[in-house]
Amino acid sequence: MSITPVPRIGVIVVAAGSGTRLGAGGPKALVGIDDHTILRHSLTRVLAGPPAQIVVVAPPGREGDVLSDALAASGERRDLLSIVTGGATRQASVAAGLAALWADIEVVLVHDAARALTPPEVFERVVAALDAGAAGVVPVLPVIDTLKRVAGDEIVAAVDRSELSAAQTPQGFRRDVLDAAYAGAATDFTDDAALVATAGHAVSAVPGHPLAFKITTAADLDRARHLVGDAPIPATPSHLERRPPLPRVGVGTDVHGFGGEGVLWLAGLEWPGEPALSGHSDGDAVAHAIVDALLAAAGLGDIGTHFGTDHPEYAGAHADVFLAHTLGILGAAGWRVGNVSVQVQANRPRFAARRSEAEQALSAALGGAPVSVSATTTDGLGFTGRGEGVAAFAVALVERA
Ligand code: CTP
Ligand code: MG
């Protein structure tokens, strides 16, 4: 197995916008073109460009969906990817991305996720111009339409279009130049080139590409849908070639204290007469430890990524809901569950009589994957020994579906 050197190029893919003009009822980057989202199409093409660290800037609250897409696009090369949460403006989102770049990154490309079909060759051209000494580079296309200056409904002047170009992304910059321009930015700019130019740096142009158009309106999305069949996804470059698919393990733990309302739910079972655990959901520490172990094994974040307390639908939810949703997240990213082993540390409830019932309930919620449940007390030691709560420790094995 070869070790890839740390890249010197960073690509910030801004995908945090709300897509107001598209009006699809959700963040634009997560809207489907075919059976893949705008973001996934963008990332596939970014990944086929020069080897780079890729920072995806996600809409707040949608980090989990962005991570799933990013992982599906990157295969085993998830080590190149970081996900950060975006801001209220594009500029704030780029700043969030900049803060996540590795120390070794020397040049930065900022790319709109909304330019979903941008071919890898545009990335190559921008990097080549930076390597040739430019501080800032913008891919541009000539303006085709005849342009007029208009005041109200009156044409007041013709504009010489030969002087004008339409700016696209990825826009590339020396990292020190972009960092300094962002640190000193006092107002909001429409693109990074404007910010860098205002900071006093020359920005040069390279040819853009018609396929690098930005999906802004429903008509643009239609255009992308027609084009996508004719704009083949580039072949996987050698730096993304897959290692042999090994199974992967993950570990998860969870703790809940007694003191909840109603009856105890643990390991997917209701325990009449036992004191309830407290928590945002039903406090089922066994289920939550399993969720964390599964997500960790698949490299899909953790329970907070997908089931945050800002999701009211999980208030009071039981193990079956958590495990079925987790299974769906893994399935969408191409993983299936091998097996799960979970150990409960608690004075009560006593598992001996209901162990196989718990195993069956948990296994059924995971589509039939074997789940082993063991339980132990802790000899009166610690919070579990004092009967204050329950701890659970899970290990999961997943493999490529
Ligand atoms: N963007 C971002 N964070 C924001 C606003 C925009 O990361 N706060 C990103 C968008 O996700 C998009 C790119 O910047 O990839 C270009 O922005 P635009 O096309 O304007 O997208 P939206 O802002 O989502 O769309 P709209 O302006 O129609 O709401
Ligand atoms: Mg916008």
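How much length, in nm to one decimal, is gained on full extension between Ala157 and Val6, taken as 0.36 nm per residue of separation minus their Cα-Cα distance?
49.1 nm
What does the net charge come to around Leu30 if you take all other residues with beta carbon closer than 15 Å to its beta carbon, with K and R at +1 and D and E at -1?
-3
Ordering His318, His226 by accessible area with a probe of 1.4 Å, largest first, what comes out?
Result of the area sort, largest leading: His226, His318.
For the chain, restrict the atom set to alpha-carbon positions and state the Rg and Dmax in Å.
25.5, 88
Tell me the per residue accessible area of the stretch 237-325 using a 1.4 Å probe; a whole number in Å² is fine.
44 Å²
Roughly how far apart, in whole Å, are the Cα centres of the stretch 156-173 and the stretch 184-201?
Each part reduced to its Cα centre gives a spacing of 17 Å.
Run through the DSSP bridge list for the stretch 9-241 and note the antiparallel percent, rounded to the nearest 5.
45 percent
Could you work out, for the stretch 9-241, what percent of all Cα-Cα pairs fall into each 10 Å distance bin, beginning at 0 Å and stopping at the bin that holds the largest distance?
Bin by bin from 0 Å, the calculated values are 8, 33, 38, 18, 4, 0.
Carbon and sulfur together cover what percent of the accessible area of the stretch 248-400 at a 1.4 Å probe radius?
Accessible surface attributable to carbon and sulfur in the stretch 248-400 totals 52 percent.
At 37 °C and 0.692 mPa s, grab the translational diffusion coefficient of the stretch 245-401 from Stokes-Einstein with a Kirkwood Rh over Cα pairs, rounded to a whole number in µm² per second.
214 µm²/s
Rounded to the nearest 5, what % of the DSSP beta bridges within the chain are antiparallel ones?
Roughly 60 percent of the DSSP beta bridges within the chain come out antiparallel.
Relative contact order (percent) for the chain, with alpha-carbon contacts under 8 angstrom and 6 or more residues of separation?
15 percent
Could you work out Rg/(2.2 N^0.38 Å) for the stretch 308-371, with Rg from alpha carbons only?
So the Cα radius of gyration is 1.27 times the expected 2.2 N^0.38 Å.
Which value, to two decimals, describes the C-alpha radius of gyration of the stretch 9-104 once divided by 2.2 N^0.38 Å?
Here the answer is 1.01, to two decimals.
Under a point spin-label approximation (7 Å from Cα along Cα-to-Cβ), what is the Ile144-Arg225 distance to one decimal in nm?
Here the modelled spin labels are 2.1 nm apart.
What does the charge add up to near Val337, with Lys and Arg as +1, Asp and Glu as -1, over the other residues with Cβ less than 12 Å from its Cβ?
+2
The values are calculated or read from the model by the stated rules, or taken from the named source; none is laboratory data. Bear in mind the structure is a predicted one, so any value in this text is a computation, not a measurement. All Cβ positions, even for glycine, are placed from backbone atoms using ideal geometry, and neighbour counts span all protein chains on display. Just so you know, the surface numbers come from the protein's heavy atoms only, side chains and all, with ligands and any DNA or RNA stripped out. Shrake-Rupley method; radii C 1.70, N 1.55, O 1.52, S 1.80 Å.
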